[in-house]
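Have a look at the structure below, then the notes.
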Amino acid sequence: MNYKQILTNIHREVSALKNTGEVASYIPELAKVDKDHFGIYLNNIHGDNFEAGDADVTFSIQSISKVFSLAMAFANQGNKLWERVDVEPSGNPFNYLSLLEREKGIPRNPLINSGAIVVADCLVSTLKNPKEDFLQFVRDLANDQSINFDKNVVASEKKTGFRNYAIANLLKSFDNLHNSVEDVLDFYFHQCAIAMNCKQLSNAFFAFANRGKCMQNNTPIKPNQAKRINAIMLTCGFYDEAGEFAFEVGLPGKSGVGGGIVALLPNEYVITTWSPALNEKGNSYYGMQALERFTTETNSSIF
Ligand code: GLU
């Protein structure tokens with residue numbers, strides 16, 4: 001398969017489309033990003049890699065970080081995690097509140113904000129230096145020690161994260177938040193504010209495509225946990241557009257409001273796209289277009 005040619009063609013074709021998406025503005029710092037960025041990076045489990053466009057420009061990974069926190073908490077706690085968060089798609093926006101009230105403080109899944117805040121609470125309880133240890137986990141997964149938090153994004157989220165404060169308080173009222181709202185959200189805002197590029201994200205997700213074994217050849221995630229995390233990505237990774245993503249692209253993956261999307265074909269490859277303008281469901285408009293073309297042209301999907 002001539003991945004280089006395929007990525008170059010897709011990058012050119014998609015760049016020619018009118019970009020109807022909008023950059024997220026509810027976190028003011030994200031609104032500053034230039035809408036015209038567009039990068040694609042693919043690495044396969046044989047160690048080859050290919051790229052097109054802005055694959056080495058860093059951006060805010062936002063909700064993509066929820067996969068890393070889930071992986072770390074699942075590795076630490078095993079199935080006990082599922083006593084506090086479910087694994088069902090929500091069919092609702094990422095910051096939706098009323099479902100949480102109806103379902104008595106048990107979030108639908110770990111990839112919506114309420115679920116990720118519960119996962120963050122687990123990590124704050126179990127890690128010695130929660131933010132530093134989590135950042136190190138991500139650096140090790142990506143095999144790149146230069147990855148860091150973007151402090152401006154953290155500050156911006158803290159100032160405007162009213163719905164996340166509401167979610168955390170609601171969780172607390174149902175006794176599903178064991179640490180203080182401040183401590184848990186400080187951790188959560190930091191995890192979302194990690195800055196990475198397409199290449200670093202693809203490298204970090206290698207373990208999920210490779211049965212839990214990362215690029216350095218150790219296994220931070222058990223094979224059966226990688227399987228379960230991939231299943232959650234497929235059913236819950238794209239806000240209330242998870243069905244559409246499975247239908248159009250056919251891969252497990254996760255998007256973030258910074259405009260990144262990581263998707264993978266187990267035992268084959270990881271592909272990451274970044275284009276900051278989002279469609280009305282909060283997923284990158286160019287990213288969705290590119291990934292649909294990619295799996296169609298390469299005739300590769302989990303189906
Ligand atoms: N930090 C963002 C928030 O909590 C994450 C949203 C996202 O990427 O889905 O609102």
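What follows draws every value from the coordinates through simple rules; no lab data is involved. This is a predicted model, so every value here is computed, not measured. So basically every Cβ, Gly included, is an ideal-geometry build from the backbone, and we count neighbours across all protein chains shown.
Here are the numbers for the structure shown:
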item: Over 29 Å [Cα-Cα, the chain], rounded percent; result: 27 percent
item: J(HN,Hα) series, the stretch 289-300, from Karplus relation 6.51 cos²θ - 1.76 cosθ + 1.60, nearest Hz, glycine and proline x; result: 4, 5, 6, 4, 5, 5, 6, 6, 5, 8, 6, 10
item: Rounded if a/c under 1.5, otherwise prolate or oblate - the stretch 1-54, Cα gyration tensor axes; result: oblate
item: Nearest 10 degrees, 0 to 90: helix 65-77 Cα axis against the chain principal axis; result: 60 degrees
item: Computed Kirkwood radius, in angstrom, where 1/r is averaged over Cα pairs of the stretch 1-139; result: 17.9 Å
item: Principal axis dimensions, largest first and in whole angstrom, of the stretch 84-135 by Cα; result: 34, 18, 16
item: All lysines inside 23 Å of residue 222 as judged from Cα atoms, apart from same-chain residues fewer than 8 positions distant; result: 66, 80, 128, 131, 213, 254
item: Amide H within-cut-off set for residue 24, under 5 Å, with H built and near neighbours excluded; result: 278
item: Student exercise, the stretch 1-136 dipole from Lys, Arg, Asp, Glu Cβ charges, in Debye to nearest 20; result: 240 debye
item: Nearest-20 debye value, the chain charge dipole, Cβ charges on Lys, Arg, Asp, Glu; result: 480 debye
item: Degrees, to the nearest 10: 198-209 long Cα axis against longest axis of the chain; result: 70 degrees
item: Per residue Cα convex hull volume in Å³ - calculated over the stretch 127-172; result: 103 Å³
item: Net charge contributed by nearby residues that have their C-beta within less than 13 Å of residue 1 (K/R +1, D/E -1); result: -2
item: Residues whose placed amide H lies under 5 Å from that of residue 174, excluding near-sequence neighbours; result: none
item: Whole-Hz couplings from phi, Karplus 6.51/-1.76/1.60, listed for the stretch 102-116; x for Gly and Pro; result: 5, 9, 6, x, 9, x, 4, 7, x, 9, 8, 4, 4, x, 5
item: Highest-fluctuation residue, 109, 129, 279 considered, GNM on the chain with Cα pairs under 10 Å; result: 129
